[in-house]
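Quick notes on the structure that follows.
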């Protein structure tokens, strides 16, 4: 291992993401870059979290984190690229499966605050009425079922970039849930 184990771990984890073409092969360049940056942020957080671990434990943790990030990135790539060819219920099932994997991801949240805003816009661009939700005794967090329904209803109207932003926001929101 190199003199700086974190740097060596970071390089190996980053390469595992960047060298996997099937993570972004269905996306245009700008969307692919957005998804790669999102995935790299999670991998970086996982590597940094291994600072106090011995090499074997760190490598095992990083390998699991990278594998989880790659699985989610493949699903997102597939959902964005293939959304025009699937029925609404199939898309909804894919989104639910994606949300279920979110808690397995390393816990780095996107540095891009517009991702969360994209999900909160819901359908039709209306902001979520948080006051109403509090009065109903619901969490201030985004209702993931409502977000999935709104996304399915609008998926034909969204550009690939908008769809990707909303998927990343959906995964981030699901990852923050207890």
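Nothing in this text is a laboratory measurement; each read-out follows from the coordinates by a stated rule. Model, not experiment: these values are computed from the prediction. Please note: Cβ atoms are built from the backbone with ideal geometry, for glycine as well, and neighbour counts cover all protein chains shown.
An ellipsoid equivalent to the range 60-100, defined through the eigenvalues of its Cα gyration tensor, has semi-axes of 25, 10, 4 Å when rounded to whole angstrom and sorted largest first. Can you tell me what percent of all Cα-Cα pairs in the range 1-61 are more than 14 Å apart? The calculated P(r) of the range 1-61 puts 58 percent of pairs beyond 14 Å.
The simple spin-label model puts a point 7 Å past each Cα toward its Cβ; for residue 85 and residue 154 those points are separated by 2.6 nm.
For the range 24-115, the spread of Cα coordinates along the three principal axes comes to 47, 25, 24 Å, biggest extent given first.
Counting beta carbons within 10 Å around each of 62, 6, 76 and listing the fewest first gives the order 6, 62, 76.
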